[in-house]
Amino acid sequence: MEKSVAIEARGLMKRYDNDVAIGALNFEVLQGECFGLLGPNGAGKSTAIRMMYGSSLIDQGDLFILGLNIKNSGREIRSQIGVVPTEDGLETELSVRENLILFGRYHGIEKNLLHRRCEDLLKLVKLEEYADHRVPELPVGFRQRLVFARALINEPRILFLDEPTLSLDPSARQWVWNQIQNEKAQGRTLLLTTHDMEEAEKICDRIAIMDRGKVLAVGTPRELIQRLVGTQVIELQVPRGDLQYYLSRLSSHNFAFQVVKQQVNVHLKDNDDPQRVMNLVQGISLTLRQSGLSDVFFKLSGHDVRDELI
Ligand SMILES: Nc1ncnc2c1ncn2[C@@H]1O[C@H](COP(=O)(O)OP(=O)(O)OP(=O)(O)O)[C@@H](O)[C@H]1O
Ligand SMILES: [Mg+2]
C-alpha cells in the first residue's frame, strides 16, 4: 500500500525585508518517516520548519500538513502536531509537572486525562523524580527531555524538532536519538533540522540537503551518497605546487574528484579499484575511507558544511 503524504511543500518562499531566506522549497514527507532538513548555519532550516509548525507566515507557495492547508487550518493542524523548538520557551517559575499541565491546558485537554497523561510522560522521559523541581534546576539534557514530553502532551501525529541535539552532551544526544526512534516506531512522522551529518545519517530515513535557502537534493542518505559521490573516498595530501599535475592525471583517467582546501578527494564507485588511483599518485600520502554526507554536501554546495558563509 502506498504511504500517504504527511507534509507537502510546494514552492514555499520566505523573505526577511528584501532578503530571500527560503526560495521555492519543494518536498514531500511521508507518514511514518523521519525526514531531516540538513544544512549549515543560515541555510534556512529554522525558517522552513517554523513555517511548517505555524510560527512563521508563508510569503509564497503552498504547505499542506496531514492534507490540511496551513493557510486556513492552522488551529486544526496545531492540535495534531508537537514541536521541539531551539528556544525551549519553558516557564522557568514553574515546576516540571506544572509546565506539562500548563501546555496541556493550552490544548484544551480534559483535566483528569491531562493529569494521567502528564504522569505517563514523566515516566516516559524519566523525569518522575524531578516532577516538582523548577526548570532552572534541571541539567540541559533533562530540560530537553521535558521539552520532548511537552511536545507529546497532545499525542501528536507529527513531531517537528529544530536542532534537537544542539549543545547536548553525547549521552543526552543519544537519549534524543533513541527517543526519536521510539516515536517513529509508534507510527509518528518526524521532521527535524540538523547541521550534524552523523545525526542525519544515523536517524533520518530521508533528508533534504539545504544551503542558502534552497533544497539541493532529496533522498535516503545511502542513495545520495551512492548517486552523488560513490561509496569510497581516497584523500590525497598533494603538495601545493604539484596540484595541477595530479589533477590532470586523475582527469585523464576519468576519476571524479573534489579539491577541498589543500586536499584532493577522489570518489570511487562500487566497482572502482582503489589500487588504480594509488598507482597514479605514487609517493603522495593518502587515506582510504567510506564516503559520507559531508562529501555529498561539498559536491552539491561547493563548500564545506563547517565553512562560515560570507
Ligand atoms: N527573524 C529574522 N529576521 C531577519 N532575517 C532572518 C530572521 N530569521 C532568519 N533570518 C535570516 O534567514 C536566513 C536563514 O536563517 P535560518 O535561521 O532559517 O537558518 P538555519 O538554517 O536555521 O541556521 P542555524 O543553523 O544558524 O540555525 C539567514 O540568512 C538568517 O540571517
Ligand atoms: Mg536554525
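Only one of (1) of a type in the set (A, V, I, L, M); (2) open to solvent by less than 40 Å² (accessible area, probe 1.4 Å); (3) away from ligand 2 (no atom under 16 Å from the Cβ) fails for LEU102. Which number is that?
LEU102 satisfies all of (1) of a type in the set (A, V, I, L, M); (2) open to solvent by less than 40 Å² (accessible area, probe 1.4 Å); (3) away from ligand 2 (no atom under 16 Å from the Cβ) except (2).
Considering each residue of the stretch 1-28, count those that are away from ligand 1 (no atom under 14 Å from the Cβ) and either over 18 Å from LEU66 (Cα atoms) or out of contact with any helix residue (DSSP H, G or I) (no Cβ under 9 Å at 6 or more places or on another chain) (or both), and give that number.
13
Take residues that are within 13 Å of ligand 2 (Cβ to nearest atom) and tell me which of the strands (runs of 3 or more DSSP E) falling wholly in the stretch 1-72 contain 2 or more.
19-30, 34-38
Cβ-Cβ distance below 6 Å, separation of 6 or more or different chains: which pairs start in the stretch 165-184 with a residue that is outside any helix (DSSP H, G or I) and end on one that is open to solvent by less than 80 Å² (accessible area, probe 1.4 Å)?
From the stretch 165-184, the pairs are THR165/ARG173; THR165/VAL176; LEU168/GLY141.
What is the one condition in (1) among the polar types (S, T, N, Q); (2) at pLDDT 95 or above; (3) farther than 26 Å from GLY44 by Cβ that SER171 does not satisfy?
Failing condition for SER171: (2).
Could you count how many residues in the stretch 26-44 are closer than 24 Å to GLY187 by Cα and either open to solvent by less than 10 Å² (accessible area, probe 1.4 Å) or within 10 Å of the chain's Cα centre (by Cα) (or both)?
The qualifying residues number 6.
Give me the pairs, please: first residue somewhere in the stretch 98-114 and in the same structural domain as ASP132 (by TED's automatic domain parsing), second residue anywhere and open to solvent by 60 Å² or more (accessible area, probe 1.4 Å), beta-carbon distance under 6 Å, and either six or more positions apart or on two chains.
Once the first residue is in the same structural domain as ASP132 (by TED's automatic domain parsing) and sits in the stretch 98-114, its partners that are open to solvent by 60 Å² or more (accessible area, probe 1.4 Å) give ASN99/GLU91.
Just to check your reading of the model, which residue among GLU119, GLU93 is of a type in the set (D, E, K, R) and either in contact with a strand residue (DSSP E or B) (Cβ under 9 Å, 6 or more places away or on another chain) or modelled with pLDDT under 95 (or both)?
Just one listed residue meets the conditions, GLU93.
Across the stretch 85-99, which residue is farthest from the chain's Cα centre (by Cα) among those that are among the β-branched types (Val, Ile, Thr) and open to solvent by 30 Å² or more (accessible area, probe 1.4 Å)?
My answer is THR92.
Give me the pairs, please: first residue somewhere in the stretch 137-152 and modelled with pLDDT of 95 or more, second residue anywhere and among the small types (Gly, Ala, Ser) and buried (at least 21 other Cβ atoms within 10 Å of the Cβ), beta-carbon distance under 6 Å, and either six or more positions apart or on two chains.
Short answer, once both residue conditions are applied: ALA151/GLY82; LEU152/GLY82.
Note down all Cβ pairs under 8 Å where the first residue falls in the stretch 22-49 and is assigned by TED's automatic domain parsing to the domain that holds LEU66 and of a type in the set (D, E, K, R), the second is away from ligand 2 (no atom under 16 Å from the Cβ) and part of a loop (DSSP other than H, G, I, E, B), and they're at least six residues apart or on different chains.
Hits for this filter: GLU33/LYS3; GLU33/ASP205.
Does PRO85 satisfy being within 16 Å of ligand 2 (Cβ to nearest atom) and not assigned by TED's automatic domain parsing to the domain that holds THR194?
Answer is yes for this residue.
The values are calculated or read from the model by the stated rules, or taken from the named source; none is laboratory data. Quick caveat: nothing in here was measured; it's all calculated off a predicted structure. Positions of Cβ are generated from backbone atoms using ideal geometry, with glycine treated the same way; all protein chains shown enter the neighbour counts. With ligands, DNA and RNA removed, areas are computed over all heavy atoms of the protein, side chains included. Shrake-Rupley method; radii C 1.70, N 1.55, O 1.52, S 1.80 Å.
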